[in-house]
Amino acid sequence: MTMWDQFFWLIFPYLMLTIFVVGHVWRYNTDQFGWSAKSSEFLEKRYLRWGSTLFHWGIVFVFFGHVAGVLVPRQFFDMLGITDEMYHFGAVWFGGAAGVATIVGLFLLMWRRFSVKRILRNSTKADILVLILLTIVTLTGFTNTVAYTATGGHFDYRSTIGPWFRGILTFRPDIMLVVQSPFGFQLHIISAFLLFGIFPFTRLVHMWSLPLAYLRRKYLVYRAVNPKKALQLAKRSD
């Protein structure tokens, strides 16, 4: 084990997670008005409609796939009677479909960001950095879980990276579980934690702004009004 192994697989994850938590607290207390996605729909709609839809739906299923593959212990699937063959089938086909949707959506959003001049002029350095990191995380994750598994790779992230990551959350990480992992998996982990580190300082914070209030808000009733009659009524009231 080298000094770099200790840094990347022990210090770096806790550093990024600390920045993730503290950064959100700082951002919320200092920049609540900037806590949004900063929508640019009025500048361009066509690419945004398809790119945003594919990316967001794809990333939702990718997230739950990570929960099942990394956060949920392997023994839980054994208890349910889910064999390795069944799990890998779902990871390759269902995870692959979600990965394709995410990649296509991300490509459309990136193409929109760099090809539409008005979008590019209104982009910040943080916007560009987020797109680059999302691309690295998505592509490495897709090639790792689909291409590597489909070609018969013998590395099992559920018995190596999974326990290591759960050890990070319980403050008992076993570094050796990830030191011998293929480079593609290591790059995916590093870029993902780096994304966690910059998360609070970018427009990604809009993910926490779910409009849950709409679920209990009363309906708004709109009635068509004749403009001329409305103007006459307003003059009479004056």
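The values are calculated or read from the model by the stated rules, or taken from the named source; none is laboratory data. Bear in mind the structure is a predicted one, so any value in this text is a computation, not a measurement. Ideal geometry is used to build each Cβ from the backbone, glycine not excepted, and the neighbour counts take in all protein chains shown. Heads up: the accessible areas ignore ligands, DNA and RNA and are worked out on the full protein's heavy atoms, side chains in. Shrake-Rupley method; radii C 1.70, N 1.55, O 1.52, S 1.80 Å.
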Just wondering, is there one or more residues in the stretch 98-112 that are out of contact with any His (no Cβ under 9 Å at 6 or more places or on another chain), basic (Lys, Arg), under 27 Å from Phe7 (Cα atoms) and in contact (Cβ under 8 Å) with a residue 24 or more places away in the chain?
no
Might you let me know whether the stretch 42-49 holds any residue that is assigned to a helix (DSSP H, G or I) and surrounded by fewer than 16 Cβ atoms within 10 Å (Cβ to Cβ)?
yes
Restricting attention to the stretch 115-126, which residues are in contact with a Ser or Thr (Cβ under 9 Å, 6 or more places away or on another chain), assigned to a helix (DSSP H, G or I) and surrounded by 13 or more Cβ atoms within 10 Å (Cβ to Cβ)?
Ile119, Ala126
Count, please, the residues in the stretch 178-208 that happen to be assigned to a helix (DSSP H, G or I), open to solvent by less than 50 Å² (accessible area, probe 1.4 Å) and closer than 24 Å to Tyr87 by Cα.
7
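Rundown of residues vs (1) within 23 Å of Asp31 (Cα to Cα); (2) modelled with pLDDT of 95 or more; (3) aliphatic (A, V, I, L, M), yes/no style:
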| residue | (1), (2), (3) |
| --- | --- |
| Ile168 | no, yes, yes |
| Leu195 | yes, yes, yes |
| Ile198 | yes, yes, yes |
| Leu204 | yes, no, yes |
| Leu210 | yes, no, yes |
| Leu215 | no, no, yes |
| Leu220 | no, no, yes |
| Asn226 | no, no, no |
| Leu231 | no, no, yes |
Criterion (touching a helix residue (DSSP H, G or I) at 6+ places or on another chain (Cβ under 9 Å), charged (D, E, K, R) and without any contact (Cβ under 8 Å) to a residue 40 or more places away in the chain) met by exactly one of Asp78, Asp84
Asp84
Return yes or no: is Ile136 closer than 30 Å to Pro163 by Cβ and of a type outside the set (D, E, K, R)?
yes
Among the residues of the stretch 65-88, is any farther than 28 Å from Thr160 by Cα and surrounded by 15 or more Cβ atoms within 10 Å (Cβ to Cβ)?
no
